[in-house]
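Novice: Please read through the structure below; I'll follow up with questions.
Bear in mind that the values in this text are calculations on the coordinates, not laboratory data. Only a predicted model underlies this, so the values are computations on that prediction, with no experimental measurement involved. Here the Cβ positions follow ideal geometry from the backbone for every residue, glycine too, while neighbour counts run over all protein chains shown.
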Amino acid sequence: MRTAQVERNTLETQIKISVNLDGTGEAKLNTGVPFFEHMLDQIARHGLIDIDIQANGDTHIDDHHTVEDIGIALGQAIRQAVGDKKGITRYGHAYVPLDESLSRVVIDLSGRPGLVFNANFTRAQIGQFETELVSEFFQGFVNHAQATLHIDNIRGQNAHHQAETIFKAFGRALRMALSDDPRMGGQLPSTKGSL
């Protein structure tokens, strides 16, 4: 089983995350940030990853530290759970529409962190959630998962739809990248011999 548990404790947040990369898409989420939980649920459901996140953060200030630190801890958990990466597909991509919105996400579990994020949200907030935190979450994730991630919201007029297509596409792209490639024969998907 490709599983991992991570705890991250700072003066700003206390986070416990467990993941099962070969799950059924179940999510148990308690972050204090309701819209963000809706987005994390998309990753679990569309990535077929079981995710349990219990977080206490300084949301009385704002949601920034909680969202960013969950990205960091989730990245660490994914990296641990995937192990030596032998036999995985490594690359994943997905296009996901939701009504007028369309997003594309491409990921490489390369061992090198990098984020290219292109999304011009039509609103600065979705409910109480600040849309600029979407990129903060993914920056924390790639830094600690050591993955290269390209995110493009190609079009959209509704900010909720824009964000949701990004998270759904990320879940599906991650699912593809983590999937077993039987033709690899358990080899590392790299000519360098290391990822």
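Novice: Rounded, prolate or oblate: pick one for the stretch 7-48, where a ≥ b ≥ c are the square roots of the eigenvalues of its C-alpha gyration tensor, a/c under 1.5 means rounded, and failing that, prolate if a/b is larger than b/c, else oblate.
Specialist: Here the stretch 7-48 falls in the oblate category.
Novice: Further, regarding this structure: Work out the length of the dipole vector of the stretch 92-195 about its Cα centre, built from +1 on the beta-carbon of each Lys and Arg and -1 on the beta-carbon of each Asp and Glu, and round it to the nearest 20 debye.
Specialist: Around 300 debye, computed over the stretch 92-195.
Novice: Follow-up. Can you give the FRET efficiency for Gln125 and Glu26, using 1/(1 + (r/R0)^6), R0 = 41 Å, r = Cβ-Cβ distance, to the nearest 0.05?
Specialist: 0.90
Novice: For Gly114, which sequence-distant residues (separation of 5 or more, or a different chain) have an amide H within less than 5 Å of its own amide H, given hydrogens modelled in the peptide plane?
Specialist: For Gly114, whose amide H was placed from the backbone, the distant partners under 5 Å are Ala147, Thr148, Leu149.
Novice: In the set [x] 128; [y] 104; [z] 142, which value of volume of the Cα convex hull per residue in Å³ was calculated from the structure you see?
Specialist: [y]
Novice: Apply the Karplus curve 6.51 cos²θ - 1.76 cosθ + 1.60, θ = phi - 60°, to the phi angles in the stretch 42-51 and return the couplings in whole Hz, x for Gly and Pro.
Specialist: Listing the rounded values in order: 5, 4, 4, 5, 8, x, 6, 10, 7, 10 Hz.
Novice: So what is the 222 nm mean residue ellipticity for the chain from helices alone, if each DSSP H run of at least 4 adds -39500 (n - 2.57) and you divide by all residues, rounding to the nearest 500 deg cm²/dmol?
Specialist: Counting only the DSSP helices, I get -11500 deg cm²/dmol.
Novice: Return the long-range amide H neighbours of Ile154 (sequence gap of 5 or more, or a different chain), with a cut-off of under 5 Å between placed amide H atoms.
Specialist: Those lying under 5 Å, H to H, from Ile154 are Leu102, Ser103, Arg104.
Novice: Suppose every Lys and Arg Cβ carries +1 and every Asp and Glu Cβ carries -1, with no other charges. What dipole size does the chain come out with about its Cα centre, to the nearest 20 debye?
Specialist: Once rounded to the nearest 20, the dipole reads 940 debye.
Novice: Using alpha carbon centroids, what distance separates the stretch 75-154 and the stretch 26-50, in Å?
Specialist: What the calculation gives is 14 Å, centre to centre.
Novice: Whole-Hz Karplus ³J(HN,Hα) for the stretch 116-126, in order, using 6.51 cos²θ - 1.76 cosθ + 1.60 and θ = phi - 60°, x for Gly and Pro?
Specialist: 10, 10, 10, 8, 9, 5, 7, 9, 7, 9, 10
Novice: Give me the number: length gained by fully extending Ser179 to Thr3, i.e. 0.36 nm times residue separation minus the C-alpha to C-alpha distance, one decimal in nm.
Specialist: So the extension gain works out to 62.0 nm.
Novice: Scan around Gly23 for amide H atoms under 5 Å from its own, H built in the peptide plane at 1.01 Å from N, and keep only partners 5 or more places away or cross-chain.
Specialist: Asp50
Novice: Of the listed peptides 77-84, 40-47, what is their order by residue-averaged count of other C-beta atoms within 10 Å, with the highest listed first?
Specialist: For the peptides 77-84, 40-47, the packing ranking is 40-47, 77-84.
Novice: For the stretch 155-170, what does the Karplus curve 6.51 cos²θ - 1.76 cosθ + 1.60, with θ = phi - 60°, yield as ³J(HN,Hα) per residue in whole Hz, taken in order and with x for Gly and Pro?
Specialist: Calculated HN-Hα couplings, in order: 7, x, 10, 9, 4, 4, 5, 4, 5, 5, 5, 5, 5, 5, 5, 4 Hz.
Novice: Here's something else I'd like to know. Return a single number: how many Lys pairs in the chain, at a sequence separation of 8 or more or on separate chains, have alpha-carbon atoms below 22 angstrom apart.
Specialist: Counting lysine pairs in the chain gives 4.
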